[in-house]
1. Run the helix sum for the chain: -39,500 (n - 2.57) per DSSP H stretch of 4+ residues, divided by residue count, reported at 222 nm to the nearest 500 deg cm²/dmol.
2. Any chance you could look up the accessible area of residue 163 with a 1.4 Å probe, heavy atoms only, rounded to 10 Å²?
3. Kindly sort 5, 176 by accessible area of their heavy atoms, largest first, with the probe set to 1.4 Å.
4. In whole Hz, what ³J(HN,Hα) sequence does segment 51-67 give by Karplus (6.51, -1.76, 1.60; θ = phi - 60°), x for Gly and Pro?
5. How much space per residue, in cubic angstrom, does the convex hull of the C-alpha atoms of the chain take up?
6. Taking the highest mean first, how do the peptides 27-36, 14-23 order by number of other beta carbon atoms within 10 angstrom per residue?
7. Who wins for biggest fluctuation among 63, 243, 143 in a Gaussian network model of the chain, springs between alpha carbons below 10 Å?
8. Among 128, 211, 185, which one shows the highest mean-square fluctuation when the chain is modelled as a Gaussian network with alpha-carbon springs under 10 Å?
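The values are calculated or read from the model by the stated rules, or taken from the named source; none is laboratory data. For clarity, every value in this text was computed on a predicted model and none was experimentally measured. Here the Cβ is made from the backbone with ideal geometry for all residues, glycine too, and neighbour counts use every protein chain on show. Areas reflect the complete protein model, heavy atoms only, side chains present, ligands, DNA and RNA absent. Shrake-Rupley method; radii C 1.70, N 1.55, O 1.52, S 1.80 Å.
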Amino acid sequence: MTQLVAIHSYRGGTGKSNLTANLATMTALLGKRVGIVDTDIQSPGIHVLFRLDETKINKTLNHYLCNTSCHVKDIAYDVSYVLNNAAVENAEDLGKIFLIPSSMKSQDIATIISEGYDVEILQQGFSELGEYFQLDYLFVDTHPGLNEETLLSIGLSNILIIILRPDQQDYLGTAVIVEVAKELEVPKIFLVVNKALPEFDSSILKDKVYETYQLPVAGILPLSTEMLRLGSQGLFCLYNPDHKLTQQLRRIANHL
């Protein structure tokens, strides 16, 4: 049965899409079949991390939500090619990655924002993707904050990963997300702290976050100049397999 993993944050700019893409990739490196859905329809772009050529994207999640005759196989793109250059011992044991992007065309975005869509269709899409592609995990990159789509993704998830920065606004907003997730009875909730400064003691920070929310902290991700230099032009974990940040991502993947 497909495990739905929602990646969420209260505010934008937390590194949510990068975490989703890299964590899904790390999971595929463990031999799993994974899917990634970009439900951040208002500000999509996770496909950029996989270097998926926009000219080759014919249909997107937008088309599925607005057209009942559209099948999930038409909006999913096999991006497993990113694993080909991974430095792993048993390349034959690599998994698969299927990406479902949202449209970056202004007209498509405006249509969804102005007309909306039936969230039950999105729920149906999650189910069909898992079944059709025989996925072990389906990662959902959500829109920050709280809206109908986000509540659905959180409510359906088997695992919710909430990403936050060591920032007071993030702390307060995360408390709201945690409260909602508990009310929705999400089976597993993990916290991930991103962009922690080098001078921060990670163990102290981890203890502080745990004491604040009484939830397990799956990882403390350091602020990385290498990540900044990469500028979303690829998957960090594949370019920097031995980096401290990648080691943390690997630990989070093992939590799943």
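1. That calculation yields -12000 deg cm²/dmol at 222 nm.
2. Looks like 0 Å² after rounding.
3. In descending accessible area the options line up as 176, 5.
4. Couplings: 6, 7, 4, 4, 5, 9, 8, 8, 10, 10, 4, 4, 5, 5, 6, 9, 9 Hz.
5. 123
6. Order by mean packing, descending: 14-23, 27-36.
7. For the chain, modelled as a Gaussian network with Cα springs under 10 Å, the answer is 243.
8. Among 128, 211, 185, the largest mean-square fluctuation in the Gaussian network model of the chain belongs to 211.
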